[in-house]
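The numbers here are math on the coordinates, done by the rules we state, and not lab data. If you're wondering where the values come from, they're calculated on a predicted model, not measured in any experiment. Cβ sites come from the backbone with ideal geometry, for glycine too, and all protein chains shown count toward neighbours.
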Amino acid sequence: MANETITLLSSREVEKMRAAGQLAAELLDYLEPMVKPGVTTQELNDAAEKWTQQHGAKSAPLGYHGFPKSICTSVNEVVCHGIPSPRHVLKDGDIINIDVTPILDGYHGDTSRTFFVGTPSDKAKKLVEVTEECLHRAIAQVKPGARLGDIGAAIQEHAEAEGFSVVRDFVGHGVSTVFHTAPQVPHYGKWGKGKKLRKGMVFTIEPMINEGTWEAQVLEDGWTAITKDHKLSAQFEHTIAVTDDGVEILTQRHS
Ligand code: MF3
Ligand code: CO
Ligand code: CO
């Protein structure tokens, strides 16, 4: 996908992405109060699936390359693609990234946030705060004429200045009627390098920031990615559109 042409969306298509993005943001708002000690990740999955259906949408992850559930739930050392399970009970002090992607009218809204379960440790709190800041610093770079490398550089600079590391094995991606398409959006990089951004590009930025090593490994289930040193990992994701003079965050609620 790296060398494929990047599709530019029309304003009519961006409008559809906005509707899907707003639904995705609403879904996370709906799930947030359920994140408490004692709840299972399967319960979050089932609530998300039901809500998604009730809102006339479909869960993109379900059956995607064989992924077995409707959302990803990535707890503590899980970097991404955690699989909800009735055996996984959340406990006080956990951090959990919930990644949702409803498909509405054919278009994907892809967003994730990391939530605290009960009371976080100081280090967990710091990691999650810095990760969200990384996403927003990256978004602040987006405008026509800026480059993909500016996005990665903004994230890497902030994460590393705070003593954290940036996951390299998973990247942001173009998204529209297709879940994952060009461009690939690395969360590390060099200022001024990479493809130029143009109006109508729509892609995700989804930095995964680690407390220790940036290296990840995928478990036997073929999905769950964890940190090699089993230290914490956090992630935030938005779907954004490049506009005439800047950026629109499609998965940020307007309401
Ligand atoms: N939503 C994830 C992303 O941001 C992708 C999940 S794919 C799945 O790209 F198959 F694991 F669900
Ligand atoms: Co994504
Ligand atoms: Co996602």
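For the residues Y64, Y30, Y107, what sequence is obtained by ranking on other C-beta atoms within 10 Å, fewest first?
Details: Y64 12, Y30 15, Y107 26.
Ranking Y64, Y30, Y107 by Cβ neighbours within 10 Å, fewest first, gives Y64, Y30, Y107.
Put +1 on the Cβ of every Lys and Arg and -1 on every Asp and Glu Cβ in the chain; which of I96, Q54, I151 then has its Cα farthest towards the positive end of the dipole?
Final value for the positive-end residue is I151.
In nm, what is the difference between 0.36 nm times the number of residues separating T119 and E32 and their Cα-Cα distance?
On the way: separation 87, 0.36 × 87 = 31.32 nm, distance 1.45 nm.
Using 0.36 nm per residue and subtracting the Cα-Cα distance, I get 29.9 nm.
Pick from L23, L31, L148: which is most flexible by mean-square fluctuation in a GNM of the chain where alpha carbon atoms under 10 Å apart are linked?
Answer for the Gaussian network model of the chain: L31.
Projected area of the range 1-71, taken from the Cα convex hull and averaged over every viewing direction, in nm²? Write out the running numbers ahead of the final one.
Details: hull surface 26.0 nm².
Taking the Cα atoms of the range 1-71, their convex hull projects to 6.5 nm² on average.
In what sequence do M17, M208 fall when counting other Cβ within 10 Å, fewest first?
Working: M17 26, M208 32.
By the 10 Å Cβ count, ascending, the order reads M17, M208.
Can you tell me the relative contact order of the range 11-249? Whole percent, Cα pairs under 8 Å, sequence separation 6 or more. Could you put the intermediate results ahead of the total?
Details: 605 pairs, mean separation 50.6, N = 239.
Relative CO of the range 11-249 lands at 21 percent.
Taking the Cα centre of the chain as origin and charging only Cβ (+1 Lys, Arg; -1 Asp, Glu), how large is the dipole, in debye to the nearest 20? Let's see the in-between values first.
Values: 26 positive and 34 negative charges, 113 e Å.
With only Lys, Arg, Asp and Glu charged at Cβ, the dipole is about 540 debye.
Is the range 72-200 best put as rounded, prolate or oblate by its Cα gyration tensor, with a ≥ b ≥ c the root eigenvalues, rounded for a/c under 1.5, and otherwise prolate when a/b is larger than b/c, oblate when not? Present the calculation step by step, with values, prior to reporting the outcome.
On the way: a/c = 2.48, a/b = 1.31, b/c = 1.89.
Taking the square roots of the gyration eigenvalues as a ≥ b ≥ c, the range 72-200 is oblate.
Taking just the C-alpha trace of the chain, give me its Rg and Dmax in Å.
Cα-based Rg and Dmax for the chain come out at 17.0, 48 Å.
What nm distance separates the two modelled labels at A19 and D245, each placed 7 Å from Cα along Cα→Cβ?
Each label point is offset 7 Å from its Cα along the Cβ direction, giving 2.8 nm.
Averaged over every viewing direction, what's the projected area of the C-alpha convex hull for the range 137-232? Give it in nm², one decimal, please. Don't skip to the answer; put the middle values down first.
Values: hull surface 26.6 nm².
Result: a mean projected hull area of 6.7 nm².
How big is Rg to Rh over the range 137-187, alpha-carbon atoms, Rh as the Kirkwood inverse-mean-distance radius? It would help to have the intermediate numbers written out before the result.
Working: Rg = 11.9 Å, Rh = 11.8 Å.
Using Cα coordinates only, the ratio equals 1.01.
What's the center-to-center distance, using Cα atoms, between the range 46-103 and the range 153-230 in Å?
Using only Cα atoms, the two centres lie 19 Å from each other.
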